[in-house]
Amino acid sequence: MSSPTGPANGLPVRMPRPRQTGRHRRPEPAVAPEGAPALVLAVPGAPSAASRGLAEEIISIGRSELPGLDARIGFLEGDDDTEFPSLSGVLTAVATERVARADFARAAGHEVPAPIGPDAVVVPLLAGPDNGLLRRIRQALMDSSAAAELADVLGPHPLLAEGLHVRLSEAGLARADRARLFTVTTAADGIVLATTGGEEAVQAAGITGMLLAARLAVPVKAAALDQEGSVAAVAEQLRREGSTLLALAPYLIGPEAADGLLDTACKEADCATAEVLGAYGALGKLAVAQYAAALGITQDAAAH
């Protein structure tokens, strides 16, 4: 028997949960304001189905962090005639669409809200600074017809240290729990934190490395994947200081590293490796946090 509020087929009706009150109430998620610029995720490296899928997953998490967010993906080495649109092409399209929406609203007699900030905020899909890639991203901004602002890279950040810990534990190279309540016989007693982007990137990775070392209670030293001999030299230094079972933790999201770099480094350092950060959930939060910071707004959900 049906009711005025329920279906006739007897299926249960999902009712909205009552909003919690008091100090234990969960904060309501922020919503992107009307007229806010687009977040454009700048994906480095050769475009592929894998890098697109990774970027889409990060964007999906970002939209859940900030509902209503207009988020796009632009490839640094993309081609607008393919399924991998170039960063400059995406930025130009964002600017064109913003003008078209305003014109359409005016023609329909609607009030057009004042635009907030630039046409787009570009968030580099990079864990740390890579001056070569950042120069190319800035050039793509200049090549577009959009008014765009470049946000900071995603790290260093405690959430990236957490992601590195997770990847190491998934590979059986670190204990998954902070309390170290059980033994992992393959757990490394020294970590090489490998990044790309030269000396500045190594120094920035070292900050996240200190956070990782505090989580694992083992020494962590950063090295440059794209500098010949750097990983092997850091591995040797760790061994001289007493580490006997080393692991390589890639301080990489994935697309920014050339094929073969990790395999070569592992062979030179004679150690096992964890997976790259990939689509680790915190990256979507960090992307939104950098977007909000570039606009000078508070985004509580992205800060947690």
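Entry remark, the range 19-44: residues being in contact with a Pro (Cβ under 8 Å, 6 or more places away or on another chain), at pLDDT 75 or above and open to solvent by 10 Å² or more (accessible area, probe 1.4 Å) number 4 in total. Can you give me the number of residues within the range 193-217 that are open to solvent by less than 20 Å² (accessible area, probe 1.4 Å) and more than 21 Å from the chain's Cα centre (by Cα)? Final tally of qualifying residues: 1.
The rows are residues; the columns are (1) within 28 Å of LEU211 (Cα to Cα); (2) under 16 Å from the mean Cα position of the chain (by Cα); (3) part of a loop (DSSP other than H, G, I, E, B).
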{"position": "GLU77", "(1), (2), (3)": "no, no, yes"}
{"position": "ALA95", "(1), (2), (3)": "no, no, no"}
{"position": "GLY117", "(1), (2), (3)": "no, no, yes"}
{"position": "LEU126", "(1), (2), (3)": "yes, yes, yes"}
{"position": "LEU134", "(1), (2), (3)": "yes, yes, no"}
{"position": "ALA140", "(1), (2), (3)": "no, no, no"}
{"position": "LEU168", "(1), (2), (3)": "yes, no, no"}
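Any residue that is of a type in the set (A, V, I, L, M) and outside any helix (DSSP H, G or I) - is there at least one of those in the range 48-65? No; the residues of the range 48-65 include none that is of a type in the set (A, V, I, L, M) and outside any helix (DSSP H, G or I).
The criterion of being open to solvent by 60 Å² or more (accessible area, probe 1.4 Å), more than 23 Å from VAL166 (Cα to Cα) and either touching a residue at least 40 places away in the same chain (Cβ under 8 Å) or out of contact with any Gly (no Cβ under 9 Å at 6 or more places or on another chain) (or both) does not hold for GLU268.
So that you can scan it fast, the table gives a plain yes or no per residue for (1) open to solvent by 20 Å² or more (accessible area, probe 1.4 Å); (2) closer than 20 Å to GLU77 by Cβ; (3) in a helix (DSSP H, G or I):
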site	(1), (2), (3)
ALA233	yes, no, yes
LEU238	no, no, yes
GLY254	yes, yes, no
GLY278	no, yes, no
LYS285	yes, no, yes
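Could you tell me which residue of the range 71-86 is most open to solvent (accessible area, probe 1.4 Å), considering only residues that are within 12 Å of ALA38 (Cβ to Cβ) and in contact with a Lys or Arg (Cβ under 9 Å, 6 or more places away or on another chain)?
The qualifying residue most open to solvent (accessible area, probe 1.4 Å) is ILE73.
For the range 141-163, the set of residues classified as farther than 23 Å from PHE75 by Cα and either in contact with a Phe, Trp or Tyr (Cβ under 7 Å, 6 or more places away or on another chain) or acidic (Asp, Glu) (or both) consists of GLU162, GLY163, listed by residue number.
The values are calculated or read from the model by the stated rules, or taken from the named source; none is laboratory data. Nothing here was measured: the structure is a model prediction, and the numbers come from that model. Don't worry about glycine lacking a Cβ; one is built from the backbone with ideal geometry, like all the others, and counts go over all protein chains shown. For accessibility, only protein heavy atoms count, side chains too; no ligands or nucleic acids. Shrake-Rupley method; radii C 1.70, N 1.55, O 1.52, S 1.80 Å.
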